[in-house]
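*Asks:* One structure is given below, represented as structure tokens, and several questions about it will come after.
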Amino acid sequence: MNVRLRYAPSPTGHLHIGGARTALFNYLFAKHAGGTFILRIEDTDIERNVDRAAEEFAANLRWLGISWDEGAFVGGDYGPYVCTKRLDIYKEYVEKLLAQGLAYRCYCSAEELQQERETQLQTGSMVQYSGSCSHLTEEQRRAFEDEGRTPVIRFRVPSHTVSFNDMIRGTLSFESSSVGGDFVIVKSNGIPAYNFACTVDDHLMQISHVIRGEEHISNTPRQLYIYEAFGWEPPIFGHVSLILGEDGKKLSKRDESIVQFIEQYREMGYLPDALFNFLALLGWSPGGKEEILTKQQLIESFEFDRVSKSGAFFDSVRLAWMNGHYLKEMSAEDLSVLVEPYIRSYVEGKEWFTKEWLIEFTSLFKDKITCLSEIPAIGLMFLVDQVAPDEEAKSSLSLPHVADLLQVFIEQARVVDEWTPDGMKALVKAVQTASNVKGKDLFMPLRAAITGQLHGPDLNRSLVLLGKERVIKRAQTTLAQFIHIE
Ligand code: GLU
């Protein structure tokens, strides 16, 4: 079998973690089987389309490391890959159904349909389209047209059951009554409805497997009836379970306690490889205990029978842990390039800001963060000119020997030529000798004066990173502002 899978987002918003997971499963399935992965933009719901959303989807998929062999923005032999560019194609197939009486024009107005629904609800009968336009005569049709009514086109649903063998759920069967009566395949604006466009596209694009969210199960019988009407072989379907919030309920897009859009993770400084890894394990497991898997390992081990039937919990703590792991694994040099935008507003135009500085800064913090946007806060002491000591630091500075100690430190620091780790070792030693203070009494006040805190990275490395000028200035300011010499 020629394995061809597609991800078919509607460009109505941002790439959601659920959508990204669907894209990823399709991608992994296709790559595992040596097949083709396709991106199709399903923009038939034109009122809901958002400007540039398709471009944004594409950019975020690419950022995540999900590339497509064929489809929107890249082309291919089965294009166009954007539904609204395929209207002529759909038309041809709608005509076929109309000609065979498998579809018909319906002139019912929205008000009439609403009325019909209300009556059905009141009488306790099944809510579905009654089929009042299903057998119109030519004259009746003309009369409606003369009234200025614009028709929709409905698919004539046969009365038999349809079933399919879902890759995750086994055999699923649907009574014809479950689809709500003859359903609309072309809306009154002339644009096909999702179920019709999707079926025609999946067939013409020779899609072999459709992996999508569980919320589409109810669309599948409609699509199967359409396949049947054309005499086409349907693809193999797999409906992936929902993503659940920490409360075990379906993740609502409005739940702000969980960050849900890929763009937001990108802005927060999550690494694409970490998200890729995390999303792959959201409802699928490779079998073993290993949680950190490269893209290549994921492709190799993506056996679809390990996709879970039950909902997958979105564990943001696990994601943060995983991202922290990927951050640690990166070299400081590579990571520094990603760190730079997060600190740009502090370092722009500073004479001490160099590539080497950035790498050293990155290496001091890369093991201590879960995402890059934490960097400015955790590394603030190196980014600003002056630091105000926190309460702990202030109490360390209030010890009686500190004024002399800082004076000695400033004198000794001024004469240091080599502002290097070794130079700092020698400096601290010299201060110790000259002041006769050592151990905690020496290090704590120095750290408090220079960094404003008693905790932080290695003191010598901190001094080097801050540079001679800032170190001396900070010691002087501390002396002047926070130490009361009696
Ligand atoms: N456009 C649909 C969506 O965004 C895709 C449905 C499908 O994969 O068939 O949910």
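*Asks:* When residues of segment 202-216 are filtered for being within 16 Å of Tyr90 (Cα to Cα), more than 9 Å from the ligand (Cβ to nearest atom) and crowded, with 20+ Cβ neighbours inside 10 Å, how many remain? It would help to see each step written out before you state the result.
*Replies:* Residues of segment 202-216 that are within 16 Å of Tyr90 (Cα to Cα), as a first pass: 202-206.
Filter again for more than 9 Å from the ligand (Cβ to nearest atom), leaving 203-206.
Those left that are additionally crowded, with 20+ Cβ neighbours inside 10 Å: 205.
The total comes to 1.
*Asks:* Same structure, new question: Among the listed residues Arg48, Arg40, Arg21, identify the single one that is within 15 Å of the ligand (Cβ to nearest atom) and surrounded by fewer than 16 Cβ atoms within 10 Å (Cβ to Cβ).
*Replies:* Details: Arg40 fails: surrounded by fewer than 16 Cβ atoms within 10 Å (Cβ to Cβ); Arg21 fails: surrounded by fewer than 16 Cβ atoms within 10 Å (Cβ to Cβ).
That would be Arg48, the only listed residue that is within 15 Å of the ligand (Cβ to nearest atom) and surrounded by fewer than 16 Cβ atoms within 10 Å (Cβ to Cβ).
*Asks:* Moving to a separate point now. Name the pairs: first residue in segment 360-389 and in contact (Cβ under 8 Å) with a residue 12 or more places away in the chain and acidic (Asp, Glu), second residue surrounded by 17 or more Cβ atoms within 10 Å (Cβ to Cβ) and in a helix (DSSP H, G or I), Cβ to Cβ under 7 Å, at least 6 apart or on different chains?
*Replies:* Partner pairs satisfying both residue conditions: Glu360/Leu465; Asp385/Arg470.
*Asks:* Could you list all residues from segment 432-447 that are basic (Lys, Arg) and either assigned to a loop (DSSP other than H, G, I, E, B) or farther than 19 Å from Ser398 by Cβ (or both)? I'd like the intermediate steps shown before the answer.
*Replies:* So in segment 432-447, the residues basic (Lys, Arg) come out as 438, 440, 447.
Lys438, the sole residue that qualifies.
*Asks:* Can you find, within segment 101-112, the residue that is farthest from Thr44 (Cα to Cα) among those that are touching a residue at least 24 places away in the same chain (Cβ under 8 Å) and surrounded by fewer than 16 Cβ atoms within 10 Å (Cβ to Cβ)? Spell out how you get there, then give the answer.
*Replies:* From segment 101-112, those touching a residue at least 24 places away in the same chain (Cβ under 8 Å) are 101-109; that's our starting set.
With the extra rule that they be surrounded by fewer than 16 Cβ atoms within 10 Å (Cβ to Cβ), the set shrinks to 101, 109.
Working: Gly101: 24, Ser109: 21 Å.
For segment 101-112, the residue satisfying everything is Gly101.
*Asks:* For Arg344, are the conditions met, namely being among the charged types (D, E, K, R) and farther than 16 Å from Met381 by Cα? Spell out the reasoning first.
*Replies:* Details: among the charged types (D, E, K, R): yes; farther than 16 Å from Met381 by Cα: no.
No.
*Asks:* Could you list all residues from segment 31-41 that are without any contact (Cβ under 8 Å) to a residue 40 or more places away in the chain and within 23 Å of Tyr194 (Cβ to Cβ)? Break it down stepwise before answering.
*Replies:* Start the filter on segment 31-41 by keeping residues that are without any contact (Cβ under 8 Å) to a residue 40 or more places away in the chain, which leaves 33-34, 36-37.
Listed by number, the residues that qualify are Thr36, Phe37.
*Asks:* Give just the number: which of (1) buried (at least 16 other Cβ atoms within 10 Å of the Cβ); (2) under 28 Å from the mean Cα position of the chain (by Cα) does Trp357 not satisfy?
*Replies:* With (1) buried (at least 16 other Cβ atoms within 10 Å of the Cβ); (2) under 28 Å from the mean Cα position of the chain (by Cα) applied to Trp357, the lone miss is (2).
*Asks:* Go over the candidates Thr220, Thr161, Thr199, Thr123 one by one and state the one that is of a type outside the set (A, V, I, L, M), surrounded by fewer than 16 Cβ atoms within 10 Å (Cβ to Cβ) and modelled with pLDDT of 95 or more. Talk me through it step by step, then tell me what you get.
*Replies:* Working: Thr220 fails: surrounded by fewer than 16 Cβ atoms within 10 Å (Cβ to Cβ); Thr199 fails: surrounded by fewer than 16 Cβ atoms within 10 Å (Cβ to Cβ); Thr123 fails: modelled with pLDDT of 95 or more.
Every option except Thr161 fails the conditions.
*Asks:* Residues of segment 164-221 being farther than 17 Å from Leu39 by Cβ and of a type in the set (Asp, Glu), which ones? So that I can check it myself, show each step before the final result.
*Replies:* Here is the first cut: in segment 164-221, the residues farther than 17 Å from Leu39 by Cβ are 164-193, 195-196, 199-200, 203, 214-221.
The answer is Asp166, Glu175, Asp182, Glu214, Glu215.
*Asks:* Quick check: is even one residue across segment 260-274 under 26 Å from Ser310 (Cβ atoms), within 16 Å of the ligand (Cβ to nearest atom) and free of Cβ contacts under 8 Å to residues at least 40 places away in the same chain?
*Replies:* no
*Asks:* Tell me which of these Thr477 doesn't satisfy, since it passes every other one: (1) within 17 Å of Val387 (Cα to Cα); (2) assigned to a helix (DSSP H, G or I); (3) within 40 Å of the chain's Cα centre (by Cα).
*Replies:* Result: Thr477 passes all but (3).
*Asks:* Which condition breaks for Leu61 when tested against (1) within 29 Å of Glu267 (Cβ to Cβ); (2) within 11 Å of the ligand (Cβ to nearest atom); (3) modelled with pLDDT of 95 or more; (4) in contact with a helix residue (DSSP H, G or I) (Cβ under 8 Å, 6 or more places away or on another chain)?
*Replies:* With respect to (1) within 29 Å of Glu267 (Cβ to Cβ); (2) within 11 Å of the ligand (Cβ to nearest atom); (3) modelled with pLDDT of 95 or more; (4) in contact with a helix residue (DSSP H, G or I) (Cβ under 8 Å, 6 or more places away or on another chain), Leu61 is out only on (2).
*Asks:* Follow-up question, since we're still on this one. Exactly one of (1) away from the ligand (no atom under 16 Å from the Cβ); (2) at pLDDT below 95; (3) touching a helix residue (DSSP H, G or I) at 6+ places or on another chain (Cβ under 7 Å) is unmet by Asp255. Its number?
*Replies:* Going through the list (1) away from the ligand (no atom under 16 Å from the Cβ); (2) at pLDDT below 95; (3) touching a helix residue (DSSP H, G or I) at 6+ places or on another chain (Cβ under 7 Å), Asp255 breaks only (3).
*Asks:* Of all residues in segment 77-100 being in contact (Cβ under 8 Å) with a residue 40 or more places away in the chain and among the basic types (Lys, Arg), which is surrounded by the most Cβ atoms within 10 Å (Cβ to Cβ)?
*Replies:* The residue in question is Arg86.
*Asks:* Looking at segment 283-315, which of its residues are crowded, with 16+ Cβ neighbours inside 10 Å, touching an Asp or Glu at 6+ places or on another chain (Cβ under 9 Å) and in a helix (DSSP H, G or I)?
*Replies:* Matches in segment 283-315: Lys295 only.
*Asks:* Starting from residues that are among the small types (Gly, Ala, Ser) and more than 20 Å from the chain's Cα centre (by Cα), keep the ones in segment 208-247 and report whichever is nearest to Leu102 (Cα to Cα). Outline the logic, then answer.
*Replies:* First, pick out the residues of segment 208-247 that are among the small types (Gly, Ala, Ser): 208, 213, 218, 229, 231, 238, 241, 245.
Filter again for more than 20 Å from the chain's Cα centre (by Cα), leaving 208, 218, 229, 231, 238.
Details: Ser208: 25, Ser218: 21, Ala229: 7, Gly231: 12, Gly238: 27 Å.
Selected residue: Ala229.
*Asks:* Tell me, please, whether a residue that is closer than 29 Å to Ile46 by Cα, surrounded by 18 or more Cβ atoms within 10 Å (Cβ to Cβ) and aliphatic (A, V, I, L, M) can be found in segment 170-182.
*Replies:* Yes, because at least one residue in segment 170-182 is closer than 29 Å to Ile46 by Cα, surrounded by 18 or more Cβ atoms within 10 Å (Cβ to Cβ) and aliphatic (A, V, I, L, M).
*Asks:* Could you list all residues from segment 141-158 that are of a type in the set (Asp, Glu) and surrounded by 12 or more Cβ atoms within 10 Å (Cβ to Cβ)? Explain how you work it out, then say what you get.
*Replies:* Looking only at segment 141-158, we keep the residues that are of a type in the set (Asp, Glu), and these are 145-147.
Answer for segment 141-158, where residues must be of a type in the set (Asp, Glu) and surrounded by 12 or more Cβ atoms within 10 Å (Cβ to Cβ): just Glu145.
*Asks:* I've got another one for you. Quick one: in segment 1-18, of everything that is over 15 Å from the mean Cα position of the chain (by Cα) and of a type in the set (A, V, I, L, M, F, W, C), which residue is farthest from the ligand (Cβ to nearest atom)?
*Replies:* Of everything passing the filter in segment 1-18, Met1 is farthest from the ligand (Cβ to nearest atom).
*Asks:* Against the condition free of Cβ contacts under 8 Å to residues at least 40 places away in the same chain, loosely packed, with under 13 Cβ neighbours inside 10 Å, touching a strand residue (DSSP E or B) at 6+ places or on another chain (Cβ under 9 Å) and among the charged types (D, E, K, R), how does Arg344 come out, does it pass?
*Replies:* Values: free of Cβ contacts under 8 Å to residues at least 40 places away in the same chain: yes; loosely packed, with under 13 Cβ neighbours inside 10 Å: yes; touching a strand residue (DSSP E or B) at 6+ places or on another chain (Cβ under 9 Å): no; among the charged types (D, E, K, R): yes.
When the stated conditions are applied, Arg344 does not pass them.
*Asks:* Going by the conditions given, is Lys253 surrounded by fewer than 16 Cβ atoms within 10 Å (Cβ to Cβ) and within 15 Å of the chain's Cα centre (by Cα)?
*Replies:* Working: surrounded by fewer than 16 Cβ atoms within 10 Å (Cβ to Cβ): yes; within 15 Å of the chain's Cα centre (by Cα): yes.
It is true that Lys253 is surrounded by fewer than 16 Cβ atoms within 10 Å (Cβ to Cβ) and within 15 Å of the chain's Cα centre (by Cα).
The values are calculated or read from the model by the stated rules, or taken from the named source; none is laboratory data. These numbers come from a predicted model, not from an experiment. Glycine also receives a Cβ, built like all others from the backbone with ideal geometry; neighbour counts cover every protein chain displayed.
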